[in-house]
Amino acid sequence: MMDLAELLPAWPEWAMNLLLIMGVLLFFTWAFTQFIFPDDTSESEEDANDTVQVVDAKAQQNKEFLAFRRQYILVYLIIMLADWMQGTHMYTLYLSYNVNISALFLTGFLSGAVFAPFLGSAVDKYGRKRSCIVYCVLEIIINTMEHSTNFTILLTGRVLGGISTNLLFSAFESWMTTEHRKRQFPEAWLSRTYSAASVGNGSMAIIAGIVAQVMEDFLGQIGPFQGAIGLTVAALLLVLQWEENYGEESDEKKEESSSSGLYQQFVDGWSTTFKDSRVWRIGMTQALSEGGMYTFVFMWVPTLLSLDPPGGVPTGCVFSSLMMAITIGGFLFPPLQSIVSKLFTCTFAPELSATLIYTLAGASMAVPAICLSSDSSSCFTRIIVSFIVVEACVGLFMPVAGTLRSKYVPDALQGAILNIFRLPLNAVVVLGTHATDVMESWKVFSLVSACFLGAALLQFSMMLFGTSAHITTTTRSKQD
C-alpha cells in the first residue's frame, strides 16, 4: 500500500508548512468575516417608523444589488483568471521561441504608456460596455498571435497588449461604478464590490497556477493561452448582456459631448486631474503603491533563491501562499473599514484605512531592506513573513484604492482619468524594473518601502487638506 507521504509533492518542509499555515489562516479569516462581520448589504438602515412598504423596498433593492454584483464579479473573475493564466507562462513561452524577451515586455509597457492618455477618453465617450467588448476581442486576437514564433507578430501582439491592459484596468471598473450609481444603490455598498473583486482576484491567481500547469502538461507551452481564449470568449458573451453607460452625466450633456468631440473629453480629463489636488493625489498613490507592488513581484523569487533555504525554493508553492495572503487581505477589508468608520469619522474612513495599510506595507518591506543590508543568513523566516504581510496589504489596498477612486474621480471622466493614472504607474514600474537589474537587493527593497510610505503620506494629506464633499457626489446631483 502506497504511503501517504509518497502522494505529497517533494517540497521542502518549510514550504509545506507555509502552505498549510496560509490555508488555515485563509479558512479562519473567511469564517471570521462571514460570521463576525457578515455582508452588511443585507442590513439596510431601517428606521423604527419604516412602513412595511419601505422595508419591502429596501429588501428588493438589496436583492437587485446582489444580482448586479454577481453579474459584474462573474465577468471580472473570468477575465482575471484568463489574465493570470497568461502571466504565469508568458516568459517561458517566449523563452521557448528563443526571441528577445525584454524587448517584448518593454514594448508592452511603452504601448500602455503611449495609448493611456487617449484611450480613457474613448472609453468614456464611446461607452464602457463597448470598451469591454473591445478588450475581449483584442485578448482573443493577442492570444491567437501568441501561437506564432515570428518576432514581428509577437511584437504587434505586445503593442495590442498595452492597449488591452489599459482597457482591463479602466473600462470594467468604470462600467461597474457608473452602473452602481445609475441604479441608485447606496454608495457604501461600492466598497463591498471592490472587496469581493480583491478576494476573487487572489482566488483566481491560485486557481490559474494549477489550471495553467495542467493545460501546459496536455497542450504544451501554448496551452494556457488557448485556455485564456476560451475564457475570454465566455466573458465576451456575458458582457454582451450588460447595459451600456457613458461618461456623460445626462442626455443633454451627451449631446454637448458629441459636438465637442473626443478631444474635449481628453482635455477635460487632464484638466480635472491637474486642477483638483485630490484627484492627482489619488493617481500618485496608485502609481507609488502599484509600482512598488510590481517591483516586489520582480524581487521575491531571486531574493528567496539568494537565501538558499533548505530544500530550495518551490516557486509554485510560495506563489500560492502569497496569493492566499492577497485573498486574506480582501476578506479583511470590510471589517477594517467597519471598525475605522465606527472609531473615527466616517467622512475619511477610506483615507485612514489606506494610510494604515500603506504604512504597514512600507514597514514590511523595510524588513528585507534591513536584513539584506547585513548578514542575511538568519533572516529567512523574517523575510518570508514580511512577503506574506505585504501581499496581504495588496489584498487590502486593492479595494480601498477602488473605493477612493469612486469617491473622487467624477463618473463622467472615469475612463479618461483612470488611464491618465497609468502614466506615472508605468513610469514607476519601468524604473523599479530597471532598479532590480542595477541595484543591490536591499536598496531595491528600500525603494519599495519608500513607495508605500509615500503613498501613506499622500493618503494622510487627504485627511488634512481634503474636504468632505467629493466630485462624484456633485456629479450624481446633476443626474438627479
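The table for this structure:
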| quantity | calculated |
| --- | --- |
| Sites residue 59 and residue 210, calculated FRET efficiency, Cβ-Cβ separation with R0 30 Å, nearest 0.05 | 0.15 |
| Point-to-point label distance, residue 243-residue 218, nm (Cα→Cβ direction, 7 Å offset) | 4.0 nm |
| Simple spin-label estimate for residue 298 and residue 100 in nanometres, 7 Å along Cα-Cβ | 1.8 nm |
| Heavy-atom accessible area order for 89, 147, largest first, 1.4 Å probe | 147, 89 |
| Farthest toward positive dipole pole in the chain [+1 Lys/Arg, -1 Asp/Glu at C-beta], among 91, 108, 65 | 108 |
| Computed [θ] at 222 nm, deg cm²/dmol, the chain (DSSP H ≥ 4; -39,500 (n - 2.57); rounded to nearest 500) | -28500 deg cm²/dmol |
| The chain, dipole about Cα centre (Lys/Arg Cβ +1, Asp/Glu Cβ -1), debye to the nearest 20 | 720 debye |
| Of 63/182; 182/407; 125/182; 275/342; 129/275; 63/125, those spanning more than 25 Å from alpha-carbon to alpha-carbon | 275/342; 129/275; 63/125 |
| Fully extended contour minus Cα-Cα distance, from residue 187 to residue 156, at 0.36 nm per residue | 7.0 nm |
| Residue-wise HN-Hα coupling along region 325-334, computed from phi with Karplus coefficients 6.51, -1.76, 1.60 (Hz; x: Gly, Pro) | 4, 4, 4, 4, x, x, 5, 7, 4, x |
| Label-point gap, in nm, between residue 73 and residue 270 - each point 7 angstrom along Cα→Cβ | 4.0 nm |
| Phi-based couplings in Hz for region 428-439 (Karplus 6.51, -1.76, 1.60; Gly and Pro marked x) | 5, 5, 4, 5, x, 5, 5, 4, 5, 8, 10, 10 |
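The values are calculated or read from the model by the stated rules, or taken from the named source; none is laboratory data. Every value quoted in this text rests on a predicted model; they were computed, and no experiment measured them. Heads up, the Cβs are rebuilt from the backbone with ideal geometry, glycines too, and the neighbour counts pull from every protein chain shown. Heavy atoms of the whole protein, side chains included, go into the accessibility calculation; ligands, DNA and RNA do not. Shrake-Rupley method; radii C 1.70, N 1.55, O 1.52, S 1.80 Å.
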